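The values are calculated or read from the model by the stated rules, or taken from the named source; none is laboratory data. For clarity, every value in this text was computed on a predicted model and none was experimentally measured. Virtual Cβ from ideal backbone geometry, glycine too; neighbours counted across all protein chains shown. Heads up: the accessible areas ignore ligands, DNA and RNA and are worked out on the full protein's heavy atoms, side chains in. Shrake-Rupley method; radii C 1.70, N 1.55, O 1.52, S 1.80 Å.
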Amino acid sequence: MEKLTKQNIKTILESVDNFLFDCDGVLWRSGTVIEGIPATLQLLRRLGKKLYFVSNNSSSSREQYRHKMEGLGIQEVKKEEIFPSSYCIAAYLESIGFNKKVAVIGESGIKNELEEAGFKYVDADQSLDKTSNINYIKQLEEVELDKDIGAVVIGWDHHFNYYKLGYAKLLITEQNCLFVATNTDSTFPAGKGRFLPGSGSLVASLSTATGKQPVVVGKPSKFLYDVLDHKLKLEPKRTMMVGDRLDTDILFGNMCNLQTLLVFTGVSGEEELKDPQNTIFPTYCASTLSDILTLLE
């Protein structure tokens with residue numbers, strides 16, 4: 001593991017054709033672009049590098065991500081360069097020839113990608129009578145499961161509640177529905193230096209309730225790399241994964257034999273990296289992605 005320097009940045013640029021960027025904690029944090037990121041990405045494009053964006057955050061679709069990036073000053077990003085876990089959910093269901101209805105615990109990103117891929121879906125609380133005074137438990141005791149549902153997918157959902165958890169649990173244990181998750185990130189970097197519960201916290205509750213583990217399509221799952229390789233035909237040794245989490249981004253890169261760069265603008269800091277119990281190490285580390293720009297000046 002090396003810190004980025006004026007010397008090794010030249011070696012990196014000579015040996016890497018493709019950059020895979022995580023988004024939250026690498027390009028922006030709590031909706032605010034990290035200083036120097038637009039200029040750094042523009043520089044890499046001018047140098048002929050191919051840039052792709054691989055996020056575990058399922059709250060947005062590819063088109064929503066593209067629009068967000070544009071609003072943050074990150075220009076020239078095409079929808080085809082973006083691979084969020086919301087897209088990977090639809091890609092996974094397509095890969096197994098799935099043809100039933102999907103129950104969703106998640107936000108518009110998953111729903112938009114499912115719809116674009118031609119899948120029918122319902123919200124996991126679609127059977128909830130929100131006008132009733134009857135509590136969630138009683139309604140779950142009486143609910144009739146939708147027999148057309150063949151899969152439960154779960155990602156980030158800031159409206160997550162007990163009814164969604166209960167209905168999804170019943171679908172998985174009583175109807176033997178597929179259990180598919182976007183990712184298992186326990187937290188995400190929020191504003192004011194705080195880390196809030198992430199999709200993995202929701203997934204863990206459903207795993208506990210069902211006694212089953214999901215198929216995970218986001219980092220560090222190799223399924224994501226299979227999607228990338230199918231679409232892009234990447235050469236692993238000439239590809240670099242840039243992320244802010246050791247247990248997802250860097251582990252993913254290491255498992256797929258990519259070069260890796262850990263930046264300290266998100267979840268994993270130098271303290272975690274140097275912890276004697278840590279077993280995941282990047283090829284390189286840097287304070288921020290824009291160090292590339294600074295070192296090349």
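Selection of region 273-296 for residues being surrounded by fewer than 19 Cβ atoms within 10 Å (Cβ to Cβ), touching a Phe, Trp or Tyr at 6+ places or on another chain (Cβ under 8 Å) and of a type in the set (Ser, Thr, Tyr) yields only Ser287. For region 50-154, the strands (runs of 3 or more DSSP E) that sit wholly inside it and include 1 or more residues that are open to solvent by 60 Å² or more (accessible area, probe 1.4 Å) are 50-53, 121-123.
For the residues Leu232, Leu258, the requirement of being in contact (Cβ under 8 Å) with a residue 60 or more places away in the chain and either surrounded by fewer than 18 Cβ atoms within 10 Å (Cβ to Cβ) or of a type in the set (D, E, K, R) (or both) singles out Leu232.
Scanning region 169-198 for residues that are part of a loop (DSSP other than H, G, I, E, B) and under 14 Å from the mean Cα position of the chain (by Cα) returns Thr182, Asn183, Thr184, Asp185, Ser186, Gly198. Region 238-297 holds helices (runs of 4 or more DSSP H) entirely within its bounds, and those carrying 2 or more residues that are of a type in the set (Asp, Glu) map to 270-274. The residue that is nearest to the chain's Cα centre (by Cα), counting only those in region 199-219 that are in contact (Cβ under 8 Å) with a residue 40 or more places away in the chain and open to solvent by 40 Å² or more (accessible area, probe 1.4 Å), is Val215. Scanning region 155-168 for residues that are in a loop (DSSP other than H, G, I, E, B) and either of a type outside the set (S, T, N, Q) or closer than 22 Å to Gly218 by Cα (or both) yields Gly155, Trp156, Asp157, His158, His159, Phe160. Out of the residues in region 1-16 meeting the condition of being out of contact with any Phe, Trp or Tyr (no Cβ under 8 Å at 6 or more places or on another chain) and surrounded by 15 or more Cβ atoms within 10 Å (Cβ to Cβ), tell me which one is nearest to Ala286 (Cα to Cα). By that ranking, first place goes to Ile9.
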